[in-house]
1. Taking all protein chains in place and a 1.4 Å probe, what share, in percent, of the accessible surface of segment 111-256 do carbon and sulfur account for?
2. Accessible area per residue of the chain at 1.4 Å probe, in Å²?
3. From the helices alone, meaning DSSP H stretches of at least four residues, give me the mean residue ellipticity at 222 nm for the chain, per-run term -39500 (n - 2.57), in deg cm²/dmol to the nearest 500.
4. Please compute P(r) over all alpha-carbon pairs of segment 172-218, binned at 10 Å starting from zero, and give each bin as a whole-number percent.
5. Counting pairwise Cα distances across segment 13-121, what percent come out greater than 26 angstrom?
6. Using the Cα gyration tensor of segment 130-256, with a ≥ b ≥ c the square roots of its eigenvalues, what is the shape: rounded (a/c below 1.5), prolate (a/b larger than b/c) or oblate (neither)?
7. Once both labels are modelled 7 Å past Cα along the beta-carbon direction, what's the Asp205-Glu36 spacing in nm?
8. Between Arg147 and Phe191, what is the spin-label point distance in nm, taking each point 7 Å from the Cα along the Cα→C-beta axis?
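The values are calculated or read from the model by the stated rules, or taken from the named source; none is laboratory data. Keep in mind that this is a model prediction, so the values were computed, not measured. Glycine gets a Cβ as well: all are built from the backbone with ideal geometry, and neighbour counts include every protein chain shown. With ligands, DNA and RNA removed, areas are computed over all heavy atoms of the protein, side chains included. Shrake-Rupley method; radii C 1.70, N 1.55, O 1.52, S 1.80 Å.
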Amino acid sequence: MAARKPLVMGNWKLNGSKAFTKELIAGLKAELSGVEGCDVAIAPPVMYLAEAETAIKGSQIALGSQNVDVNVQGAFTGDISTAMLKDFGAKYIIIGHSERRTYHKESDEFIAKKFAALKEAGLVPVLCIGESEAENEAGKTEEVCTRQIDAVINALGVEAFNGAVIAYEPIWAIGTGKSATPAQAQAVHAFIRGHIAAKSQAVADQVIIQYGGSVNDANAAELFTQPDIDGALVGGASLKAPAFAVIVKAAAKAKA
Ligand code: 13P
(Lines give C-alpha, C1' and ligand atoms only; values in the text may rest on other atoms or scores of the structure.)
Protein backbone atom coordinates (compact mmCIF):
# COMPACT_ATOMS: atom_id res chain seq x y z
CA MET A 1 0.00 0.00 0.00
CA ALA A 2 1.31 3.43 -0.93
CA ALA A 3 2.23 5.62 2.03
CA ARG A 4 -0.09 8.55 2.52
CA LYS A 5 1.42 11.92 3.39
CA PRO A 6 -0.57 13.43 6.25
CA LEU A 7 -2.43 16.73 5.86
CA VAL A 8 -3.04 19.07 8.76
CA MET A 9 -5.38 21.92 7.88
CA GLY A 10 -6.54 24.87 9.93
CA ASN A 11 -10.16 25.93 9.59
CA TRP A 12 -10.23 29.45 10.98
CA LYS A 13 -14.04 29.64 10.69
CA LEU A 14 -15.43 33.15 11.29
CA ASN A 15 -12.32 34.50 12.99
CA GLY A 16 -9.57 36.92 12.12
CA SER A 17 -8.77 40.28 10.62
CA LYS A 18 -6.15 41.55 8.19
CA ALA A 19 -3.67 42.07 11.02
CA PHE A 20 -4.47 38.70 12.64
CA THR A 21 -3.98 36.90 9.31
CA LYS A 22 -0.52 38.41 8.81
CA GLU A 23 0.50 37.80 12.41
CA LEU A 24 -0.69 34.19 12.59
CA ILE A 25 0.94 33.27 9.28
CA ALA A 26 4.21 34.91 10.33
CA GLY A 27 4.08 32.83 13.51
CA LEU A 28 3.36 29.64 11.55
CA LYS A 29 6.22 30.27 9.15
CA ALA A 30 8.63 30.64 12.05
CA GLU A 31 7.31 27.57 13.88
CA LEU A 32 7.17 25.35 10.79
CA SER A 33 10.40 26.29 9.10
CA GLY A 34 12.25 23.12 8.15
CA VAL A 35 9.36 20.81 9.09
CA GLU A 36 8.82 18.13 6.46
CA GLY A 37 6.64 15.07 6.10
CA CYS A 38 3.27 16.72 6.57
CA ASP A 39 1.25 18.83 4.17
CA VAL A 40 -0.03 22.00 5.82
CA ALA A 41 -2.95 24.17 4.79
CA ILE A 42 -4.96 27.02 6.24
CA ALA A 43 -8.47 28.15 5.41
CA PRO A 44 -8.93 31.73 6.55
CA PRO A 45 -12.19 33.56 5.82
CA VAL A 46 -12.17 34.30 2.05
CA MET A 47 -12.03 38.02 2.92
CA TYR A 48 -8.41 37.50 3.94
CA LEU A 49 -7.16 35.29 1.10
CA ALA A 50 -5.29 38.23 -0.41
CA GLU A 51 -3.33 38.89 2.80
CA ALA A 52 -2.80 35.16 3.28
CA GLU A 53 -1.59 34.62 -0.29
CA THR A 54 1.11 37.24 0.22
CA ALA A 55 2.00 36.12 3.74
CA ILE A 56 2.52 32.42 2.94
CA LYS A 57 5.06 33.14 0.18
CA GLY A 58 8.28 31.22 0.70
CA SER A 59 6.68 28.69 3.06
CA GLN A 60 5.20 25.20 2.70
CA ILE A 61 1.79 26.44 3.82
CA ALA A 62 -0.96 25.92 1.24
CA LEU A 63 -4.07 28.01 1.05
CA GLY A 64 -7.65 26.85 1.35
CA SER A 65 -11.18 28.06 1.76
CA GLN A 66 -14.08 27.12 4.03
CA ASN A 67 -16.69 26.97 1.29
CA VAL A 68 -17.34 27.45 -2.42
CA ASP A 69 -20.37 27.89 -4.64
CA VAL A 70 -21.41 25.49 -7.39
CA ASN A 71 -21.69 28.28 -9.98
CA VAL A 72 -18.65 29.69 -11.73
CA GLN A 73 -19.96 33.15 -12.61
CA GLY A 74 -23.06 35.21 -13.12
CA ALA A 75 -26.01 36.47 -11.11
CA PHE A 76 -25.38 34.68 -7.81
CA THR A 77 -25.25 37.39 -5.18
CA GLY A 78 -22.90 36.75 -2.31
CA ASP A 79 -21.26 33.63 -3.69
CA ILE A 80 -17.60 32.77 -4.28
CA SER A 81 -16.54 30.59 -7.24
CA THR A 82 -13.86 27.99 -7.82
CA ALA A 83 -12.24 30.37 -10.31
CA MET A 84 -12.02 33.13 -7.70
CA LEU A 85 -10.45 30.77 -5.17
CA LYS A 86 -7.94 29.62 -7.78
CA ASP A 87 -7.14 33.26 -8.53
CA PHE A 88 -5.79 33.53 -4.96
CA GLY A 89 -3.90 30.25 -5.16
CA ALA A 90 -6.30 28.35 -2.91
CA LYS A 91 -6.04 24.57 -3.26
CA TYR A 92 -7.86 22.74 -0.44
CA ILE A 93 -11.53 23.64 -0.26
CA ILE A 94 -13.67 22.57 2.68
CA ILE A 95 -17.20 21.51 1.75
CA GLY A 96 -20.01 19.97 3.76
CA HIS A 97 -18.84 21.26 7.12
CA SER A 98 -21.47 20.45 9.74
CA GLU A 99 -21.84 24.16 10.51
CA ARG A 100 -22.89 24.77 6.90
CA ARG A 101 -25.06 21.66 6.81
CA THR A 102 -26.81 22.91 9.95
CA TYR A 103 -26.96 26.71 9.63
CA HIS A 104 -27.31 26.87 5.84
CA LYS A 105 -29.31 23.68 5.35
CA GLU A 106 -26.85 22.29 2.80
CA SER A 107 -27.97 18.86 1.59
CA ASP A 108 -25.83 15.85 0.67
CA GLU A 109 -26.81 16.37 -2.98
CA PHE A 110 -25.86 20.06 -2.96
CA ILE A 111 -22.52 19.22 -1.35
CA ALA A 112 -21.92 16.58 -4.04
CA LYS A 113 -22.43 19.34 -6.64
CA LYS A 114 -19.79 21.42 -4.88
CA PHE A 115 -17.49 18.39 -4.95
CA ALA A 116 -18.06 18.13 -8.72
CA ALA A 117 -17.36 21.85 -9.21
CA LEU A 118 -14.05 21.51 -7.34
CA LYS A 119 -12.96 18.46 -9.32
CA GLU A 120 -13.87 20.25 -12.55
CA ALA A 121 -11.69 23.19 -11.48
CA GLY A 122 -8.76 20.99 -10.42
CA LEU A 123 -9.13 21.93 -6.75
CA VAL A 124 -8.97 19.52 -3.81
CA PRO A 125 -12.29 18.90 -2.04
CA VAL A 126 -12.06 18.44 1.72
CA LEU A 127 -15.39 16.71 2.31
CA CYS A 128 -16.55 16.95 5.91
CA ILE A 129 -18.76 14.17 7.20
CA GLY A 130 -19.83 13.03 10.63
CA GLU A 131 -22.71 12.24 12.91
CA SER A 132 -24.50 14.22 15.60
CA GLU A 133 -24.49 13.21 19.25
CA ALA A 134 -28.02 11.79 18.95
CA GLU A 135 -27.06 9.79 15.87
CA ASN A 136 -23.96 8.54 17.66
CA GLU A 137 -25.97 7.42 20.65
CA ALA A 138 -28.47 5.72 18.37
CA GLY A 139 -25.64 3.72 16.76
CA LYS A 140 -26.07 5.48 13.42
CA THR A 141 -22.50 6.71 12.87
CA GLU A 142 -21.72 4.33 10.00
CA GLU A 143 -25.11 4.91 8.39
CA VAL A 144 -24.63 8.70 8.41
CA CYS A 145 -21.06 8.53 7.07
CA THR A 146 -22.16 6.11 4.36
CA ARG A 147 -25.00 8.40 3.26
CA GLN A 148 -22.74 11.46 3.13
CA ILE A 149 -20.03 9.67 1.11
CA ASP A 150 -22.46 7.85 -1.17
CA ALA A 151 -23.97 11.17 -2.25
CA VAL A 152 -20.63 11.87 -3.94
CA ILE A 153 -20.00 8.31 -5.17
CA ASN A 154 -23.50 8.08 -6.66
CA ALA A 155 -23.12 11.40 -8.48
CA LEU A 156 -19.50 11.19 -9.60
CA GLY A 157 -18.22 7.64 -9.09
CA VAL A 158 -15.69 6.47 -6.54
CA GLU A 159 -12.80 7.73 -8.69
CA ALA A 160 -13.79 11.27 -7.69
CA PHE A 161 -12.05 10.54 -4.38
CA ASN A 162 -8.70 10.24 -6.17
CA GLY A 163 -6.71 13.20 -4.87
CA ALA A 164 -9.52 14.23 -2.54
CA VAL A 165 -9.68 14.54 1.23
CA ILE A 166 -12.34 13.36 3.67
CA ALA A 167 -12.56 14.94 7.11
CA TYR A 168 -14.40 12.81 9.66
CA GLU A 169 -15.73 15.35 12.13
CA PRO A 170 -18.20 13.95 14.66
CA ILE A 171 -20.43 16.93 15.44
CA TRP A 172 -20.38 16.16 19.18
CA ALA A 173 -16.61 16.64 19.16
CA ILE A 174 -16.51 19.98 17.34
CA GLY A 175 -15.67 22.90 19.59
CA THR A 176 -16.64 20.93 22.67
CA GLY A 177 -13.19 20.02 23.98
CA LYS A 178 -14.44 16.42 23.84
CA SER A 179 -12.40 14.77 21.08
CA ALA A 180 -13.20 11.27 19.92
CA THR A 181 -10.71 8.86 21.45
CA PRO A 182 -8.02 7.59 19.08
CA ALA A 183 -9.70 4.15 19.08
CA GLN A 184 -13.16 5.61 18.40
CA ALA A 185 -11.88 7.74 15.53
CA GLN A 186 -9.78 4.89 14.08
CA ALA A 187 -12.82 2.60 14.02
CA VAL A 188 -14.82 5.11 11.97
CA HIS A 189 -11.88 5.96 9.70
CA ALA A 190 -11.31 2.25 8.99
CA PHE A 191 -15.01 1.90 8.23
CA ILE A 192 -14.91 4.87 5.81
CA ARG A 193 -11.80 3.54 4.05
CA GLY A 194 -13.37 0.08 3.88
CA HIS A 195 -16.54 1.52 2.38
CA ILE A 196 -14.50 3.15 -0.38
CA ALA A 197 -12.33 0.05 -0.78
CA ALA A 198 -15.44 -2.00 -1.52
CA LYS A 199 -15.69 0.08 -4.72
CA SER A 200 -11.97 0.60 -5.36
CA GLN A 201 -9.04 -0.52 -3.23
CA ALA A 202 -6.70 1.83 -5.10
CA VAL A 203 -8.86 4.87 -4.38
CA ALA A 204 -9.22 3.84 -0.73
CA ASP A 205 -5.46 3.40 -0.31
CA GLN A 206 -4.66 6.96 -1.36
CA VAL A 207 -7.57 8.98 0.03
CA ILE A 208 -6.58 11.21 2.94
CA ILE A 209 -8.97 10.82 5.88
CA GLN A 210 -8.49 13.57 8.44
CA TYR A 211 -9.98 13.56 11.90
CA GLY A 212 -11.54 16.79 13.16
CA GLY A 213 -13.17 17.73 16.46
CA SER A 214 -11.31 19.27 19.39
CA VAL A 215 -7.87 18.30 18.09
CA ASN A 216 -5.24 20.18 20.07
CA ASP A 217 -1.55 20.17 20.89
CA ALA A 218 -2.13 17.72 23.76
CA ASN A 219 -4.17 15.02 22.01
CA ALA A 220 -2.92 15.13 18.39
CA ALA A 221 0.08 12.80 18.69
CA GLU A 222 -2.00 9.94 20.04
CA LEU A 223 -4.66 10.36 17.36
CA PHE A 224 -1.96 10.17 14.67
CA THR A 225 -0.68 6.83 15.95
CA GLN A 226 -3.80 5.31 14.38
CA PRO A 227 -3.20 3.83 10.92
CA ASP A 228 -6.25 5.33 9.21
CA ILE A 229 -5.98 8.83 10.69
CA ASP A 230 -4.06 10.77 8.02
CA GLY A 231 -3.96 14.17 9.66
CA ALA A 232 -6.43 16.61 11.13
CA LEU A 233 -8.84 19.40 10.36
CA VAL A 234 -8.31 21.80 13.22
CA GLY A 235 -10.61 24.59 14.36
CA GLY A 236 -9.84 26.41 17.60
CA ALA A 237 -6.25 25.23 17.95
CA SER A 238 -5.43 26.47 14.43
CA LEU A 239 -5.80 30.07 15.64
CA LYS A 240 -2.62 29.83 17.70
CA ALA A 241 0.66 29.30 15.83
CA PRO A 242 2.44 27.29 18.56
CA ALA A 243 -0.46 24.86 19.08
CA PHE A 244 -1.05 24.37 15.35
CA ALA A 245 2.67 23.79 14.79
CA VAL A 246 2.74 21.11 17.50
CA ILE A 247 -0.09 19.31 15.69
CA VAL A 248 1.72 19.51 12.32
CA LYS A 249 4.96 18.23 13.84
CA ALA A 250 3.10 15.39 15.59
CA ALA A 251 1.64 14.26 12.26
CA ALA A 252 5.00 14.44 10.51
CA LYS A 253 6.62 12.39 13.27
CA ALA A 254 3.88 9.77 13.58
CA LYS A 255 3.68 9.13 9.82
CA ALA A 256 7.43 9.28 9.05
P1 13P B 1 -12.50 22.44 16.70
O2 13P B 1 -11.07 21.98 16.44
O3 13P B 1 -12.57 23.85 17.21
O4 13P B 1 -13.26 21.46 17.53
O5 13P B 1 -13.23 22.49 15.26
C6 13P B 1 -13.13 21.39 14.42
C7 13P B 1 -13.69 21.76 13.11
O8 13P B 1 -14.88 21.96 12.96
C9 13P B 1 -12.76 21.90 11.98
O10 13P B 1 -13.41 22.00 10.78
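1. The computed percentage sits at 54.
2. Here the residues of the chain average 44 Å² of exposed surface.
3. -12500 deg cm²/dmol
4. Bins of 10 Å from zero give 26, 44, 25, 6 percent of pairs.
5. Of all Cα-Cα distances in segment 13-121, 22 percent exceed 26 Å.
6. oblate
7. It works out to 2.4 nm between the two label points.
8. Taking the simple label geometry, Arg147 and Phe191 are separated by 1.3 nm.
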